[in-house]
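S.K.: Take a look at the following structure, please.
Readers should treat all values here as calculations from the given coordinates under stated rules, not as data from a laboratory. Computed from a predicted model, the values in this text were never measured in an experiment. Reconstructed Cβ throughout: ideal geometry from the backbone, glycine too, with neighbour counts over all protein chains shown.
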Amino acid sequence: MRLGVNLGYWSTAQDARDGVALAREADRLGYAVAWAAEAYGSDVVTVLTWVAAQTESIDVGSAIMQIPARTPAMTAMTAASLDALSNGRFRLGIGVSGPQVSEGWHGVRYDKPLGRTREYVDVVRRALTRERLTAPGPHYPLPLPDGPGKALKLIVHPVRDRIPIYLAAVGPKNLELAGEIADGWLAVFFSPEHATDLLSSVGAGRAKAGLTLDGFDVVPTVPMSVGDDVAACADPIRPYAALYVGGMGSREQNFYNALARRYGYEEAAQRCQDAYLARDYAGAMAAVPFEFVDETSLLGPAERIADRLAAFAEAGVTTLTLTPVGTTLEERVAGLRTAVEAMAKAGL
């Protein structure tokens, strides 16, 4: 199991400076990859270009590049450019985002997400092979059948034959799709205690493609809060958990709430959502069980974190992406160093 770092979203110039500093320290410590994200603020491409220019060996990855924000051909162009500029260090993570962002920000209908994702990945892959690009649709027909467009091929020569593609997935059907068509899975709220169920869906997709889980990159993003008081370490993570379990999406369509329910937290997930949608954010955070945070995070001193790292590795995780908690850059950097120490303690 390798370590990665999640740089998150940037909203200020100081965020940008801190993110680069965090990536450079991760690079020095031997971390495998630095991921950045986008929602409706900083875009992931600009951030990763800036990070790649100021690091040496660490990979840079999009977690995620939003499918509704770009045509698949544009994503292929971007991936080829970033891979060239980083000398083969780019990992392409993509996802459909959610209905609020897709329809509210990008003006793209959130319909048929599985079919759209399958077609999108197929077009991206074929564009990167530099074949003349044609696609039957229905989501991305190329060339358009009733106009002057013609089949084109990518002018840029990618530095690698295959740029790895990752899917962000939560629900069972999307997990199966990730296993079938992608090189890796970007997971959130991953619990080693429930890994068998999660990876069985991924494995079913791999089997459809005639493959096994060998070589498939399982990449959860995991908050990490270091300290002697384990219960207190959970508190800074509660706002993040409450936002996703309680407030992401709508009451009828919240993938993270559904995941918490599948983990056995039905009543807590309901209370969290009810409170969050009523704008009782303190109540939503209080409704998040400590056990849920503990299962899906790294909490406590280095020795306890080492035990949990071993559990993640045993569960099948191949790259564990950390989001170190801290109010200052120094605290977050210290978290990166503690994780390296804990990996050594765990013999990983």
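S.K.: If one computes the Cα centroid of the range 213-285 and of the range 93-122, what distance in Å separates the two points?
M.R.: Between the Cα centre of the range 213-285 and that of the range 93-122, the gap is 22 Å.
S.K.: From the backbone phi of the range 139-154, what are the Karplus-calculated ³J(HN,Hα) couplings (6.51 cos²θ - 1.76 cosθ + 1.60, θ = phi - 60°) in whole Hz, Gly and Pro given as x?
M.R.: 7, 10, x, 9, x, 4, x, 10, x, x, x, 9, 5, 10, 10, 4
S.K.: Under 30 Å between alpha carbons, and skipping anything fewer than 8 positions from Lys112 in its own chain: which lysines qualify?
M.R.: Lys150, Lys153, Lys173, Lys208
S.K.: Treating each Cα of the chain as an identical point scatterer and ignoring solvent, apply the Debye formula and state log10 I(q)/I(0) at q = 0.09, 0.10, 0.12, 0.15 Å⁻¹.
M.R.: Cα-only, vacuum Debye calculation for the chain: -0.48, -0.60, -0.88, -1.40.
S.K.: Moving on. Once amide H atoms are built 1.01 Å from N in the peptide plane, which residues 5 or more positions from Arg130, or in another chain, come under 5 Å H to H?
M.R.: For Arg130, the qualifying residues are Leu154.
S.K.: What do you get for Rg/Rh of the range 119-278 when both radii come from the Cα atoms and Rh is the Kirkwood radius?
M.R.: Details: Rg = 20.2 Å, Rh = 18.6 Å.
That ratio is 1.09, to two decimals.
S.K.: Also: Considering only DSSP beta bridges where both residues belong to the chain, give the percentage that are antiparallel (nearest 5).
M.R.: On the way: 1 of 34 bridges.
In the chain, DSSP labels about 5 percent of beta bridges as antiparallel.
S.K.: In degrees from 0 to 90, rounded to the nearest 10, what is the angle of the helix 172-181 Cα long axis to the longest principal axis of the chain?
M.R.: Tilt relative to the chain: about 50 degrees.
S.K.: Could you go through the range 76-92 in sequence order and give the Karplus-derived ³J(HN,Hα) for each residue, using 6.51 cos²θ - 1.76 cosθ + 1.60 with θ = phi - 60°, rounded to whole Hz, and x for Gly and Pro?
M.R.: 5, 4, 5, 4, 5, 5, 5, 5, 5, 5, 8, 6, x, 10, 9, 10, 9
S.K.: Another question about this same structure. Of the options Ala275, Ala334, Gly300, report the single residue whose Cα projects farthest towards the positive end of the charge dipole of the range 206-345 (beta-carbon charges: Lys, Arg +1; Asp, Glu -1).
M.R.: Ala275
S.K.: Return the long-range amide H neighbours of Gly227 (sequence gap of 5 or more, or a different chain), with a cut-off of under 5 Å between placed amide H atoms.
M.R.: Gly300
S.K.: Exactly which GluC sites (Glu not before Pro) in the range 6-97 are in a DSSP loop and have at most 11 other Cβ atoms within 10 Å?
M.R.: Glu56
S.K.: Moving on. What is the angle, in °, between the Cα long axis of helix 329-346 and the longest principal axis of the Cα atoms in the chain? Nearest 10 is fine, range 0 to 90.
M.R.: Helix 329-346 sits at roughly 80 degrees to that axis.
S.K.: Give me the extension gain from Val230 to Arg28: residue separation times 0.36 nm, minus the current Cα-Cα distance, reported in nm with one decimal. Could you put the intermediate results ahead of the total?
M.R.: Details: separation 202, 0.36 × 202 = 72.72 nm, distance 2.85 nm.
Roughly 69.9 nm would be gained on extension.
S.K.: Continuing with this model, one more query. Given contacts defined as C-alpha pairs under 8 Å and at least six residues apart, what's the relative contact order of the chain, whole-number percent?
M.R.: Numbers: 632 pairs, mean separation 55.4, N = 348.
So the answer I get is 16 percent.
S.K.: Here is a further query. Report ³J(HN,Hα) in whole Hz for each residue of the range 51-59, in order, from the Karplus equation J = 6.51 cos²θ - 1.76 cosθ + 1.60 where θ = phi - 60°; Gly and Pro get x.
M.R.: Those phi angles translate into 5, 4, 5, 10, 10, 10, 10, 5, 5 Hz.
S.K.: Would you please give the residues with an amide H less than 5 Å from that of Gly61, counting only those at least 5 places away or on a separate chain, with H modeled from the backbone geometry?
M.R.: Ala34, Trp35, Ala36, Arg91
S.K.: I need the GluC sites (Glu not before Pro) found in the range 90-154, filtered to DSSP loop residues with at most 12 other beta carbons within 10 Å of theirs. Before the final figure, lay out the partial values.
M.R.: Details: sites: Glu103, Glu119, Glu131; in loops: Glu131.
When the GluC sites (Glu not before Pro) of the range 90-154 are filtered for loop state and at most 12 Cβ neighbours within 10 Å, Glu131 remain.
S.K.: Starting from the exponent 0.38 and prefactor 2.2 Å, build the expected Rg for the range 1-102 from its residue count and divide its actual Cα Rg by it.
M.R.: Values: Rg = 13.0 Å, N = 102, 2.2 N^0.38 = 12.8 Å.
My calculation over the Cα atoms of the range 1-102 gives 1.02.
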